[in-house]
Each structure stands twice: as structure tokens, then as C-alpha cells.
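See structure below.
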Amino acid sequence: MTLTKQIETTETSTWADLSGRWFFAWRMAAACEGALREVAEARAGQEDPDRKMALAKVSSLLHDEMTRWVRRGEALDMIVERVPRAE
């Protein structure tokens with residue numbers, strides 16, 4: 001009887017963990033996208049070449065991070081799509 005409870009708890013927590021990771025990945029991608037917009041606006045109004053170059057580096061790093069989170073979210077989407085549905 002104890003073994004059954006452990007299996008049920010594991011399956012539930014695994015699904016919750018997957019769902020939480022999926023949500024977190026897409027929220028992080030959205031946060032990076034928002035930050036990229038702000039950096040682009042700051043870059044557009046910047047006259048100092050050193051600051052403009054620093055903002056370009058930040059933009060590049062944010063783009064890479066956003067891409068990483070989008071890929072993670074897409075991978076989790078594929079996993080979620082393949083989960084058997086209860087009928």
C-alpha cells in the first residue's frame with residue numbers, strides 16, 4: 001500500500017514539475033523579450049559610442065538567453081503534447 005502511494009505521488013509531482021518548468025521557460029523568454037525592447041530603446045537614444053557598444057553587448061546576451069529559453073519551452077511543448085491523455 002505504501003508503494004502505491006509513492007507511485008501516485010511521483011506521477012503527480014512529475015507532471016507538476018513539467019508544467020512548472022514549461023511555465024517558467026515561457027515566462028523567462030517573455031522577460032528577456034521585454035528587456036530586449038528596453039535595451040533597443042536605450043540604444044536608439046544613446047549618443048555615447050562606448051555606451052552604445054555596451055548596450056549592443058547586453059542586447060546580444062539577452063538575445064542568446066531568450067533563444068535558449070524559447071528552445072527549452074519548445075522542447076517542453078513537445079513533451080507535453082506526447083503525454084497520454086486520460087479518457
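Relative protection proxy for 16-24, 42-50, from highest mean packing down: 16-24, 42-50 (other beta-carbon atoms within 10 angstrom). For Q46 and A75, the FRET efficiency from 1/(1 + (r/R0)^6), where r spans their Cβ atoms and R0 equals 30 Å, is about 0.25.
Read-outs: derived from the displayed coordinates by stated rules, not from any lab. Computed from a predicted model, the values in this text were never measured in an experiment. When we count neighbours, we look across all protein chains shown, and the Cβ atoms used for this are built from the backbone with ideal geometry, even at glycine.
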